[in-house]
Amino acid sequence: MKVRRVTTTEQALEALAEHGSAAQPLAGGTDVMVQLSRNEISPDVLVPINDLAELSTVETNGGVRVGALVTHETLAKGALGSGYRSIAEAAHTVGGWQTQAVGTLGGNICNASPAADTLPPLLVHDAELELRSSGGSRTLGLEEFLVGRRQTRRAPDELLVSVGLTPGAPRSGDVYLKVGRRSAVEVAIVGLAMRLVFDRNEIVSKARIALASVAAVPLRVRAAETLLEGEALDGHLLDEVSAAVLGATSPIDDLRASATYRRLLVPGLVRRAAGVCARRAGVSSPVEEAYQ
Amino acid sequence: MSSGISFAVNGRGVTAQIDGAATLLDVIRNDLGLTGTKEGCTEGECGACTVLIDGKPVHSCIYPAVSVDGHSVVTIEGISDGETGRAVQEAFWDAGGIQCGFCTPGFIVTVAALLENNPAPSEDEVRIALAGNICRCTGYSQILDAVEVVVSGKERA
């Protein structure tokens, strides 16, 4: 296996243009190196990009733009600010310190695991991906980017360079909740992210709900979001939201948990998440106390 | 096809010729003969292979060797030479934080990195920092005791 050494993003794009699907970009290596040793992937050329400093920055002018090489450790420390706590919470659960120190946001996105922790919170923040090739660049919504289990719309000559997030809003709160068998270094049995924006009368004006480990790709549940928008939070409404989430998901039995168990988790996660979002938005919540 | 890399190991400049997909662990143990770093799961789960890259703990068993070119690596051998590392090692010994010893180099490296960043961590912070290191012997209590000994600066009763 060859290594193509690059020192700029442009050189990396040239390498990808030259070798196409035979090339594998290599950032922190926490997924790629394991897949190589298991022979799950067999590229001819590795293109290490870990030292491309221009892809490691966070810009917070109005909206937020996160470089693809920003690490989970940086995100977990709250580098995006208080409006993006779900992303910090998710990054904090990706493996242990050793994984978070080198694992990158772009890697988590492009690996496209059904259980990827950062993807539900990115979905609730309407993440837009900037994909660049030597021929130009394009922007694609994360939802559209994710095609199937470990499948994305990244063309072989494209590199994910940054992720744009919707600007924070007043009276908004977000959260990522994860269920695993242990509290650290665990692949999610179910992961749920929620973001709620409230108006002055404590009515939900905008809702986003996304889950991991309940389908082939992490996904947003629009039917559930629509139920919340224009309403005040209450227990009955959240039962309907949970039913909508369950209707849109297709969990499977695997070695971590049964599909039945995953389904049983959803209502409690929905209620807890709504309560935390309300509290973080500074809105009174009728649902949080009983479920915290 | 081999590729040349040069980097610092425990403060000393080294060069190596590596195969494309070689791991940092391969280079440390096989090329440099530093066998204090252990190979456990080879999948980045157990933490036995932990080394520091630019001061941050990393699973060397799944870290690409090519990516340390131009960087600084510290292994358990280098940690042992430092004041913090020595204190951590002695505390593990005193508190019974070592049984079979296989996970110990990884734990010592991670604890030393934690204490370099945060000399007075809470127990929660210690537990979070050590989440990526697995020990099948001690049940972790004695390891937490050992870190407490170092943090408090007190001898264990």
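The values are calculated or read from the model by the stated rules, or taken from the named source; none is laboratory data. Model, not experiment: these values are computed from the prediction. Ideal geometry is used to build each Cβ from the backbone, glycine not excepted, and the neighbour counts take in all protein chains shown. Ligands, DNA and RNA are excluded from the accessible area calculation, which covers all protein heavy atoms including side chains. Shrake-Rupley method; radii C 1.70, N 1.55, O 1.52, S 1.80 Å.
Out of B:Val109, B:Val147, which single residue is β-branched (Val, Ile, Thr), under 27 Å from A:Val94 (Cα atoms), open to solvent by less than 10 Å² (accessible area, probe 1.4 Å) and under 14 Å from the mean Cα position of the chain (by Cα)?
B:Val109
Can you list the helices (runs of 4 or more DSSP H) found entirely within segment A:72-176 that contain at least 2 residues being open to solvent by 20 Å² or more (accessible area, probe 1.4 Å)?
Numbers: elements: A:72-76, A:85-91, A:97-102, A:105-111, A:119-124, A:142-145.
Per the criteria, A:72-76, A:85-91, A:97-102, A:105-111, A:142-145.
For residues that are facing chain A (nearest Cβ under 9 Å), buried (at least 24 other Cβ atoms within 10 Å of the Cβ) and more than 15 Å from the chain's Cα centre (by Cα), tally how many sit in segment B:24-65.
The total comes to 1.
Going through segment A:234-247 one residue at a time, which ones are open to solvent by 10 Å² or more (accessible area, probe 1.4 Å) and out of contact with any Asp or Glu (no Cβ under 8 Å at 6 or more places or on another chain)?
A:Asp234, A:Gly235, A:His236, A:Asp239, A:Glu240, A:Ala243, A:Ala244, A:Leu246, A:Gly247
Take A:Arg65 and tell me if it is basic (Lys, Arg), surrounded by 16 or more Cβ atoms within 10 Å (Cβ to Cβ) and out of contact with any helix residue (DSSP H, G or I) (no Cβ under 9 Å at 6 or more places or on another chain).
yes
Here are the criteria: (1) open to solvent by less than 10 Å² (accessible area, probe 1.4 Å); (2) assigned to a strand (DSSP E or B). Tell me which single one B:Val88 does not satisfy.
Of the numbered conditions (1) open to solvent by less than 10 Å² (accessible area, probe 1.4 Å); (2) assigned to a strand (DSSP E or B), the odd one out for B:Val88 is (2).
Name the single residue that is modelled with the lowest pLDDT among those in segment A:214-230 being in contact with a strand residue (DSSP E or B) (Cβ under 6 Å, 6 or more places away or on another chain) and open to solvent by 20 Å² or more (accessible area, probe 1.4 Å).
My answer is A:Ala216.
Just a yes or no: is a residue in segment A:34-45 in a helix (DSSP H, G or I), open to solvent by 20 Å² or more (accessible area, probe 1.4 Å) and in contact (Cβ under 8 Å) with a residue 40 or more places away in the chain?
no
Just wondering, is there one or more residues in segment B:96-105 that are over 13 Å from the mean Cα position of the chain (by Cα), buried (at least 20 other Cβ atoms within 10 Å of the Cβ) and farther than 23 Å from B:Glu45 by Cα?
No - not one qualifying residue is present in segment B:96-105.
Is it fair to say A:Asp253 is within 22 Å of A:Arg181 (Cα to Cα), of a type outside the set (A, V, I, L, M) and surrounded by fewer than 16 Cβ atoms within 10 Å (Cβ to Cβ)?
Judged against the criteria, A:Asp253 is a match.
Starting from residues that are among the charged types (D, E, K, R) and over 13 Å from the mean Cα position of the chain (by Cα), keep the ones in segment A:70-127 and report whichever is nearest to the other protein chains (Cβ to nearest Cβ).
Among those residues, the one meeting the criterion is A:Glu73.
Checking the structure you have, find out if any residue of segment A:192-206 is closer than 26 Å to A:Thr152 by Cβ, open to solvent by 10 Å² or more (accessible area, probe 1.4 Å) and either aliphatic (A, V, I, L, M) or not in a strand (DSSP E or B) (or both).
No, there is no match, as no residue in segment A:192-206 is closer than 26 Å to A:Thr152 by Cβ, open to solvent by 10 Å² or more (accessible area, probe 1.4 Å) and either aliphatic (A, V, I, L, M) or not in a strand (DSSP E or B) (or both).
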